[in-house]
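Quick note: the coordinates plus some simple rules give every number you see, no bench work behind them. What you see is a predicted model; the values in this text were computed from it and never measured. When we count neighbours, we look across all protein chains shown, and the Cβ atoms used for this are built from the backbone with ideal geometry, even at glycine.
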């Protein structure tokens, strides 16, 4: 038997086993556990006692959540990628940012069967960090004419300045080409508990990660969230939508999270209070290609959406029935020529070139109550053959009434002094999380 014949089965088995392990195997700015709130120093005064912290009375806070999905077509991020345009940080400020990517690496055999290229995820996270936190500082010239950075202060109710909180990554997880990265305001971080991930491969052999999902769950205060970043089966032929339906069914049934020490945490996707499904769903438009292109040229989105495969699933399908999607008022996001606004295969397409009809492959849908969509749009980056899609939600979060006062503490100067003591441990935490990602069998 040749050496290659032995190695490939071992690689396949290793990838399958690796995805089934490690619900806490992810990268973050610092380790987070269920006792984050209780382990903070200097909380011994009566007003912050455990009796009050766990008071049964609850109130509701409203938060804004940004969600985006982008199939980047295996193209490595360039330094000039305009993440600020995608995140729209100059016009909108959200409390939580969830960014999903597909094909962060080319889906060739070496990437599907080999170890994850964590360097690509680090590049995307670096760009996200810079875009989110750039607005929390401004440049001014000192007396010598040199540029200096100053943090922006915003006045509080008592008139004292308060430093705008930075954004920190609470979970970043990659499976082959699928990457999800979740960021929250630093003053919300102490209220994030039980973060974990679950990966489901639906690709080659029904288990490998060239297709599938990476799901993230966590609790904010007393409300559980689940974000599912997916890349479903491709194909524009009649009947290919059944493969996508099958992938979605597998994701919903096989995704599983730990129940936690008290066995009170949601285990399945739909058990969570707030659930958002994002990604390259790959659903197409069930019309002949010439008819599809004609309607696209006329901008007749309503006629196209009446034949959209995902819309049909949302209304009377077997997989996504009951899920919700906002109104689509933007052009199909796939398939473009790279660095162009021209759809692939149309007009002056090359001889022998596959003519993939335009489609809304990239979508964001949600399930359950407590979520209200404020916007649903697309970005215009020409980096890949897909355009990114983004949405902003408001969400209701249950929180203890007495615990609300703690939020003022976490954005106070005193808390800044406390967290500065953890700078070293935070950096060590990042290293240890990265190391565990690389060493997981």
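Details
- Full-extension gain in nm, residue 115 to residue 242, via 0.36 nm per residue minus C-alpha separation: 42.7 nm
- Highest mean first, the peptides 359-371, 308-320, 175-187 sorted by other C-beta atoms within 10 Å per residue fall in the order 175-187, 359-371, 308-320.
- Taking 0.36 nm per residue of separation and subtracting the current Cα-Cα distance, fully stretching the chain between residue 396 and residue 253 would add 48.8 nm.
- Separation of the residue 316 and residue 130 label points, Cα + 7 Å toward Cβ, nm: 5.1
- Where a label projected 7 Å from the Cα of residue 267 along Cα→Cβ would reach, residues of region 238-256 with amide N under 16 Å: 252-256
- The calculated FRET efficiency for residue 286 paired with residue 381, based on their beta-carbon distance and R0 = 30 Å, is about 0.60.
- Global form of region 228-267, assessed from the alpha-carbon gyration tensor, a/c cut-off 1.5: prolate
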